[in-house]
Amino acid sequence: MRYSQLIDKIDQINRSDPNQENIDGNSVAKQLLYSHRMLTRLLAFFPEPPEVLKIAVYAQHINRWHIARSSYPMDRQGYLRWRKDLAEHHAQLTAKLMTDVGYSADEISLVKSIIKKQNLKTDLLTQSLEDVACLVFLEYYLAAMMTNHSEEKLTVVIQKTWRKMSETGQKSAFEIDYTEAQRALINKALKTSNAA
(Lines give C-alpha, C1' and ligand atoms only; values in the text may rest on other atoms or scores of the structure.)
Protein backbone atom coordinates (compact mmCIF):
# COMPACT_ATOMS: atom_id res chain seq x y z
CA MET A 1 0.00 0.00 0.00
CA ARG A 2 1.46 3.34 -1.04
CA TYR A 3 0.47 5.15 2.17
CA SER A 4 2.27 2.70 4.45
CA GLN A 5 5.26 2.73 2.09
CA LEU A 6 5.36 6.52 2.29
CA ILE A 7 5.12 6.53 6.10
CA ASP A 8 8.02 4.06 6.24
CA LYS A 9 10.11 6.33 4.01
CA ILE A 10 9.35 9.37 6.18
CA ASP A 11 10.23 7.41 9.32
CA GLN A 12 13.46 6.21 7.77
CA ILE A 13 14.55 9.80 7.15
CA ASN A 14 13.41 11.10 10.54
CA ARG A 15 15.21 8.31 12.41
CA SER A 16 18.42 10.02 11.26
CA ASP A 17 17.66 13.14 13.31
CA PRO A 18 20.75 13.77 15.47
CA ASN A 19 18.54 15.55 18.00
CA GLN A 20 17.11 13.13 20.54
CA GLU A 21 14.42 13.21 23.22
CA ASN A 22 14.32 10.99 26.28
CA ILE A 23 11.02 9.12 26.56
CA ASP A 24 10.65 6.75 29.51
CA GLY A 25 14.40 6.23 29.60
CA ASN A 26 14.70 5.63 25.86
CA SER A 27 16.37 7.98 23.39
CA VAL A 28 14.11 8.75 20.41
CA ALA A 29 14.85 10.85 17.32
CA LYS A 30 13.14 14.21 17.86
CA GLN A 31 11.41 14.49 14.49
CA LEU A 32 10.36 10.83 14.46
CA LEU A 33 8.63 11.43 17.78
CA TYR A 34 7.13 14.70 16.54
CA SER A 35 5.56 13.10 13.47
CA HIS A 36 4.00 10.35 15.61
CA ARG A 37 2.61 12.94 18.02
CA MET A 38 1.21 14.99 15.13
CA LEU A 39 -0.59 12.03 13.55
CA THR A 40 -1.98 10.83 16.88
CA ARG A 41 -3.33 14.30 17.62
CA LEU A 42 -4.78 14.63 14.11
CA LEU A 43 -6.73 11.37 14.46
CA ALA A 44 -8.21 12.62 17.73
CA PHE A 45 -8.95 16.09 16.33
CA PHE A 46 -10.25 15.22 12.85
CA PRO A 47 -12.18 11.93 12.64
CA GLU A 48 -11.38 10.07 9.42
CA PRO A 49 -9.08 12.73 7.92
CA PRO A 50 -8.32 12.52 4.20
CA GLU A 51 -5.08 10.76 3.33
CA VAL A 52 -3.47 13.91 1.96
CA LEU A 53 -3.94 15.61 5.33
CA LYS A 54 -2.47 12.64 7.21
CA ILE A 55 0.57 12.79 4.94
CA ALA A 56 1.02 16.55 5.33
CA VAL A 57 0.70 16.35 9.11
CA TYR A 58 3.12 13.43 9.35
CA ALA A 59 5.70 14.98 7.03
CA GLN A 60 5.43 18.56 8.28
CA HIS A 61 8.91 18.54 9.86
CA ILE A 62 10.61 15.85 7.76
CA ASN A 63 14.42 16.23 7.79
CA ARG A 64 14.03 19.50 9.74
CA TRP A 65 17.57 19.44 11.13
CA HIS A 66 18.93 19.72 7.56
CA ILE A 67 18.44 23.53 7.62
CA ALA A 68 19.85 24.96 10.85
CA ARG A 69 18.39 28.09 12.41
CA SER A 70 21.96 29.23 13.10
CA SER A 71 22.64 29.51 9.36
CA TYR A 72 20.30 32.54 9.20
CA PRO A 73 20.53 35.96 10.85
CA MET A 74 19.32 35.80 14.45
CA ASP A 75 16.63 38.42 13.99
CA ARG A 76 12.94 38.40 13.05
CA GLN A 77 13.58 38.54 9.30
CA GLY A 78 16.15 35.73 9.55
CA TYR A 79 13.66 33.64 11.51
CA LEU A 80 10.90 34.17 8.95
CA ARG A 81 13.22 33.32 6.07
CA TRP A 82 14.34 30.15 7.86
CA ARG A 83 10.72 29.09 8.44
CA LYS A 84 9.81 29.73 4.79
CA ASP A 85 12.83 27.79 3.51
CA LEU A 86 12.06 24.94 5.91
CA ALA A 87 8.46 24.69 4.68
CA GLU A 88 9.69 24.57 1.08
CA HIS A 89 12.24 21.90 2.00
CA HIS A 90 9.63 19.76 3.77
CA ALA A 91 7.19 20.13 0.89
CA GLN A 92 9.70 19.27 -1.85
CA LEU A 93 11.12 16.26 -0.01
CA THR A 94 7.63 14.94 0.71
CA ALA A 95 6.67 15.45 -2.94
CA LYS A 96 9.65 13.37 -4.05
CA LEU A 97 8.75 10.53 -1.69
CA MET A 98 5.11 10.64 -2.80
CA THR A 99 6.19 10.45 -6.43
CA ASP A 100 8.37 7.43 -5.62
CA VAL A 101 5.42 5.45 -4.25
CA GLY A 102 2.90 6.41 -6.92
CA TYR A 103 0.82 9.39 -5.79
CA SER A 104 -0.72 11.60 -8.47
CA ALA A 105 0.40 15.12 -9.35
CA ASP A 106 -2.83 16.54 -7.90
CA GLU A 107 -2.38 14.71 -4.59
CA ILE A 108 1.23 15.84 -4.36
CA SER A 109 0.31 19.45 -5.14
CA LEU A 110 -2.32 19.44 -2.40
CA VAL A 111 0.05 18.01 0.21
CA LYS A 112 2.68 20.62 -0.69
CA SER A 113 0.10 23.38 -0.31
CA ILE A 114 -0.92 22.12 3.13
CA ILE A 115 2.67 21.76 4.36
CA LYS A 116 3.47 25.30 3.18
CA LYS A 117 0.30 26.47 4.97
CA GLN A 118 -1.15 28.16 1.93
CA ASN A 119 -4.68 29.57 2.32
CA LEU A 120 -4.47 29.38 6.10
CA LYS A 121 -7.76 30.24 7.84
CA THR A 122 -9.75 29.66 4.63
CA ASP A 123 -8.75 26.10 3.71
CA LEU A 124 -10.02 23.40 6.10
CA LEU A 125 -7.10 21.02 5.54
CA THR A 126 -4.40 23.66 5.95
CA GLN A 127 -6.09 25.08 9.04
CA SER A 128 -6.41 21.57 10.47
CA LEU A 129 -2.64 21.09 10.17
CA GLU A 130 -2.11 24.42 11.92
CA ASP A 131 -4.55 23.48 14.70
CA VAL A 132 -2.84 20.13 15.22
CA ALA A 133 0.62 21.72 15.31
CA CYS A 134 -0.57 24.23 17.93
CA LEU A 135 -2.18 21.48 20.02
CA VAL A 136 0.96 19.34 19.89
CA PHE A 137 3.03 22.35 20.96
CA LEU A 138 0.75 23.07 23.92
CA GLU A 139 0.59 19.44 25.01
CA TYR A 140 4.24 18.43 24.61
CA TYR A 141 6.52 21.44 24.23
CA LEU A 142 5.11 24.28 26.34
CA ALA A 143 6.47 22.71 29.54
CA ALA A 144 10.06 22.86 28.27
CA MET A 145 9.63 26.51 27.26
CA MET A 146 8.41 27.34 30.76
CA THR A 147 11.75 26.28 32.24
CA ASN A 148 13.88 28.79 30.32
CA HIS A 149 11.69 31.72 29.24
CA SER A 150 10.17 34.64 31.10
CA GLU A 151 6.44 34.83 31.77
CA GLU A 152 6.29 37.84 29.44
CA LYS A 153 7.78 35.83 26.56
CA LEU A 154 5.55 32.82 27.30
CA THR A 155 2.47 35.05 27.36
CA VAL A 156 3.25 36.34 23.88
CA VAL A 157 3.88 32.79 22.59
CA ILE A 158 0.57 31.52 23.99
CA GLN A 159 -1.37 34.47 22.61
CA LYS A 160 0.14 33.98 19.14
CA THR A 161 -0.54 30.24 19.29
CA TRP A 162 -4.16 30.88 20.23
CA ARG A 163 -4.69 33.30 17.36
CA LYS A 164 -3.41 30.71 14.88
CA MET A 165 -6.10 28.20 15.86
CA SER A 166 -9.68 27.85 14.69
CA GLU A 167 -12.49 27.86 17.24
CA THR A 168 -12.48 24.07 17.12
CA GLY A 169 -8.74 24.05 17.79
CA GLN A 170 -9.16 26.43 20.72
CA LYS A 171 -11.85 24.19 22.24
CA SER A 172 -9.55 21.19 21.89
CA ALA A 173 -6.73 23.16 23.54
CA PHE A 174 -8.81 23.58 26.69
CA GLU A 175 -9.23 19.79 26.89
CA ILE A 176 -5.49 19.05 27.16
CA ASP A 177 -4.36 17.69 30.53
CA TYR A 178 -2.12 20.57 31.64
CA THR A 179 -0.27 20.95 34.92
CA GLU A 180 -1.69 23.57 37.26
CA ALA A 181 1.15 25.93 36.37
CA GLN A 182 0.54 25.52 32.64
CA ARG A 183 -3.20 26.07 32.96
CA ALA A 184 -2.68 29.16 35.12
CA LEU A 185 -0.22 30.59 32.60
CA ILE A 186 -2.57 29.95 29.66
CA ASN A 187 -5.57 31.44 31.45
CA LYS A 188 -3.57 34.52 32.42
CA ALA A 189 -2.25 34.97 28.87
CA LEU A 190 -5.73 34.75 27.39
CA LYS A 191 -7.21 37.17 29.92
CA THR A 192 -4.67 39.83 28.95
CA SER A 193 -5.22 39.36 25.24
CA ASN A 194 -7.87 39.56 22.56
CA ALA A 195 -6.75 36.06 21.57
CA ALA A 196 -9.50 34.29 23.55
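The values are calculated or read from the model by the stated rules, or taken from the named source; none is laboratory data. Predicted, not measured: the structure shown is a model, and the values here were computed from it. No Cβ is skipped: glycine too gets one built from the backbone with ideal geometry, and neighbour counts run over all protein chains shown.
Looking for whichever is closer than 19 Å to Gln5 by Cβ and of a type in the set (S, T, N, Q) here; the options are Ser104, Ser113. Which one fits? Exactly one of Ser104, Ser113 is closer than 19 Å to Gln5 by Cβ and of a type in the set (S, T, N, Q), namely Ser104. Just one of the listed residues (Leu185, Leu154, Leu138) is in a helix (DSSP H, G or I), out of contact with any Leu (no Cβ under 8 Å at 6 or more places or on another chain) and not assigned by TED's automatic domain parsing to the domain that holds Phe45, and it is Leu138. Of the numbered criteria (1) touching a Lys or Arg at 6+ places or on another chain (Cβ under 8 Å); (2) touching a residue at least 40 places away in the same chain (Cβ under 8 Å), the one Gln20 fails is (2). Of all residues in the stretch 74-109, those being under 16 Å from Glu51 (Cβ atoms) and small (Gly, Ala, Ser) number 5.
Checking each residue in the stretch 62-114 for being of a type in the set (Phe, Trp, Tyr), part of a helix (DSSP H, G or I) and touching a residue at least 12 places away in the same chain (Cβ under 8 Å) picks out Trp65, Trp82. Of the residues Gly102, Gly78, which single one is touching a Lys or Arg at 6+ places or on another chain (Cβ under 8 Å) and among the small types (Gly, Ala, Ser)? It is Gly102. Of all residues in the stretch 157-176, which are touching a helix residue (DSSP H, G or I) at 6+ places or on another chain (Cβ under 8 Å) and not in a helix (DSSP H, G or I)? Passing the criteria: Met165, Ser166, Ile176. Of the residues in the stretch 12-27, none is in a helix (DSSP H, G or I), among the acidic types (Asp, Glu), surrounded by 12 or more Cβ atoms within 10 Å (Cβ to Cβ) and outside the structural domain of Tyr140 (by TED's automatic domain parsing). For the stretch 102-112, the count of residues that are under 17 Å from Gln12 (Cα atoms) and surrounded by fewer than 20 Cβ atoms within 10 Å (Cβ to Cβ) is zero.
Ala133 fulfils the conditions (1) surrounded by 15 or more Cβ atoms within 10 Å (Cβ to Cβ); (2) farther than 20 Å from Thr40 by Cα; (3) touching a residue at least 12 places away in the same chain (Cβ under 8 Å) except for a single criterion, (2).
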